[in-house]
Amino acid sequence: MAQMKDEQAVVSMAHNLSAYYRYTTRMERETSSLQEEIKLLINYLDIQKLRNGRIEYHIDIPEDMLSQSVPRLMLQPMVENSVIHGVAKSYSSGEIRITGERLNGFGRIYIDDDGPGLSPEQYEALNLKMQEPLQEEMGCGLWNTHQRITHLFGSHSYLLFGPSPLGGFRTEIIWEIPKEDTDSDKGNTDTN
């Protein structure tokens, strides 16, 4: 970019990289708000978009979920998988979609890509590996995220992998919303 004198792209890359590294190296807390995690994803995806112009992303997380406390770097490894194993291995458009919902006391984030995906047997094997001890041949990003979600939110919280409506890979992050967070939402009658 610098050699091609694309100064705007160089400035954008530097801004996104500095924000990304500042966030990833601040480790004074093991949790952050979902809103902070989304800001990190935007930095990460903008960096990837500068590197690979085919990447298009859409983020649609309901406003009432953004203050939810989640493990730091909960989403980034999942989105990185979509970039590396989905978009990079596909010659299609390179779409990544991140959506969320609160449903029956659970927070749910869906990360979808339009890459090649896996066979039903591969999805089943990957889901089973999340329940086992970490193995050498398995990448630790998915397993580690699963462990941190389970540790923070309990055994009803987990990662789930399957086919995406976009035609590629879907990661579902499902966590039980702590009762005090649910109660405080119900008690919030501020209409200002």
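Can you work out which of the residues in segment 25-39 that are of a type outside the set (S, T, N, Q) and at pLDDT below 90 is nearest to Ile109 (Cα to Cα)?
Across segment 25-39, the extreme among qualifying residues is Glu30.
Anything in segment 43-94 that is among the small types (Gly, Ala, Ser) and part of a loop (DSSP other than H, G, I, E, B)? List them, or say none.
Correct list: Gly53, Ser67, Ala88, Ser90, Ser92, Ser93, Gly94.
Within segment 115-130, identify whether any single residue is of a type outside the set (Phe, Trp, Tyr) and modelled with pLDDT under 85, and answer yes or no.
no
Give Gly107, Gly117 a once-over and let me know the one that is touching a Gly at 6+ places or on another chain (Cβ under 9 Å), part of a loop (DSSP other than H, G, I, E, B) and crowded, with 18+ Cβ neighbours inside 10 Å.
Just one listed residue meets the conditions, Gly117.
Looking at segment 164-189 only, could you name the residues that are over 30 Å from His85 (Cβ atoms) and at pLDDT 95 or above?
Across segment 164-189, there are no qualifying residues.
Inside segment 136-160, can you point out the residues that are under 13 Å from the mean Cα position of the chain (by Cα) and either assigned to a strand (DSSP E or B) or at pLDDT 95 or above (or both)?
Hits for segment 136-160 are Leu159, Leu160.
Is it true that Glu63 is at pLDDT 80 or above, closer than 24 Å to Ile177 by Cα and open to solvent by 80 Å² or more (accessible area, probe 1.4 Å)?
Criteria met by Glu63.
Scan segment 65-85 and report the pairs whose first residue is touching a residue at least 40 places away in the same chain (Cβ under 8 Å) and of a type in the set (Lys, Arg) and whose second residue is in a loop (DSSP other than H, G, I, E, B) and open to solvent by 10 Å² or more (accessible area, probe 1.4 Å), with Cβ atoms within less than 9 Å and a gap of 6+ or a chain change.
Arg72/Arg26; Arg72/Met27; Arg72/Arg29; Arg72/Glu30
The values are calculated or read from the model by the stated rules, or taken from the named source; none is laboratory data. Remember, predicted model here, so these are calculated numbers, not experimental data. Positions of Cβ are backbone-derived with ideal geometry, glycine not excepted, and every protein chain shown enters the neighbour counts. Quick note on the areas: whole protein, heavy atoms, side chains included, nothing else; ligands and nucleic acids left out. Shrake-Rupley method; radii C 1.70, N 1.55, O 1.52, S 1.80 Å.
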